[in-house]
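Engineer: Can you read through this structure? Questions will come right after.
The values are calculated or read from the model by the stated rules, or taken from the named source; none is laboratory data. Keep in mind that what you see is a predicted model, and the values were worked out from it rather than measured. Reconstructed Cβ throughout: ideal geometry from the backbone, glycine too, with neighbour counts over all protein chains shown. These accessible areas exclude ligands, DNA and RNA; they are computed on the full protein's heavy atoms, side chains included. Shrake-Rupley method; radii C 1.70, N 1.55, O 1.52, S 1.80 Å.
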Amino acid sequence: MTRVAVVGDSLSVGFSPSFTAEGLDRSSYLYTALGDDAVLAGGTAVPGATSLHQRSRAVAVEADVLILALGTNDLAWGLPFDETAGALRDIAGIVGPPPRVLLLAIPPLEPELGPTTPVYNGWLRALAEAEGWEFVDAPAPVRDGDGWAPGMSNDGVHYTARAARLVGEKVGEALRA
């Protein structure tokens, strides 16, 4: 059984009653991603959280994989990317670091901000490469070009139930690779 630690925001918790192995529901992409051969070993996911907030909440977790799923709120709040990158590095160090770190791309934002999500995801990809982490373009199945595919978000930020399942399948593939 693969033990997974996650540090994320509302996209990770969805509308689950709690961010625990027993509390995740289908509104979280993790419900699908974990499947039957992985378990949420710990971590934190808080709606509205930036990487700076989550750095202060991160704790050591005995895990095989760490999923870092942050950046959407950092971009929305206009945090400089170097601060986000530093916080993500710090979180990885605090949590373990486990043998594998998956850094997830962020989904589109509507309305689009500056920098755009494609630019931001390019920075996340470069950070993952520099740190020896795996970059996962988890929201790829829910995009149409640079924006949301029809029916994948009701508010321009969060996943619909169908989108959460598609993102979860992509994250699950990365976990099992």
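Engineer: Restricting things to alpha carbons, find the Rg to Rh ratio for the chain using the Kirkwood radius for Rh. All intermediate terms of the calculation are to be shown ahead of the outcome.
Structural biologist: Numbers: Rg = 14.4 Å, Rh = 15.7 Å.
Using Cα coordinates only, the ratio equals 0.92.
Engineer: Additional query: From the phi of every residue in segment 80-89, what ³J(HN,Hα) in whole Hz does the Karplus formula 6.51 cos²θ - 1.76 cosθ + 1.60 yield, where θ is phi - 60° and glycine or proline is x?
Structural biologist: Those phi angles translate into x, 4, 4, 5, 4, 4, x, 5, 4, 4 Hz.
Engineer: What full-extension length gain, to one decimal in nm, is calculated for Arg162 and Ala76 as 0.36 nm per residue of separation minus the Cα-Cα distance?
Structural biologist: Roughly 28.6 nm would be gained on extension.
Engineer: Related question: Please compute P(r) over all alpha-carbon pairs of segment 83-130, binned at 5 Å starting from zero, and give each bin as a whole-number percent.
Structural biologist: Histogramming segment 83-130 at 5 Å steps yields 5, 18, 27, 23, 14, 8, 4, 0 percent.
Engineer: Of all alpha-carbon pairs in segment 1-84, indicate the percentage at a distance above 20 angstrom. All intermediate terms of the calculation are to be shown ahead of the outcome.
Structural biologist: Numbers: 1054 of 3486 pairs.
Pairs farther apart than 20 Å: 30 percent.
Engineer: State the percentage of accessible surface on segment 1-98 attributable to carbon and sulfur atoms; use a 1.4 Å probe and exclude ligands, DNA and RNA.
Structural biologist: Result for segment 1-98: 53 percent of the exposed heavy-atom area is carbon or sulfur.
Engineer: Nearest 0.05, what FRET efficiency do Asp36 and Asp90 give at R0 = 30 Å with Cβ-Cβ as r? Display every interim value, and only then the final one.
Structural biologist: Values: r = 33 Å, r/R0 = 1.08.
Plugging the Cβ-Cβ distance into 1/(1 + (r/R0)^6) gives 0.40.
Engineer: As an exercise, find the ratio Rg/Rh for segment 81-177 from alpha-carbon atoms, using the Kirkwood inverse-distance average for Rh.
Structural biologist: We get a ratio of 0.98 for segment 81-177.
Engineer: Using a 7 Å offset from Cα along Cα-Cβ at Ala177, what residues in segment 84-126 end up with backbone N under 20 Å from the label point?
Structural biologist: Flagged as within label range: 89, 92, 98-108, 118-126.
Engineer: Let me ask something additional. Per residue, how much accessible area does the chain have with a 1.4 Å probe, in Å²?
Structural biologist: Ligands and nucleic acids excluded, the result is 44 Å² per residue.
Engineer: Right, next: With +1 on each Lys and Arg Cβ and -1 on each Asp and Glu Cβ, how big is the dipole of segment 62-177 about its Cα centre, in debye rounded to the nearest 20?
Structural biologist: 320
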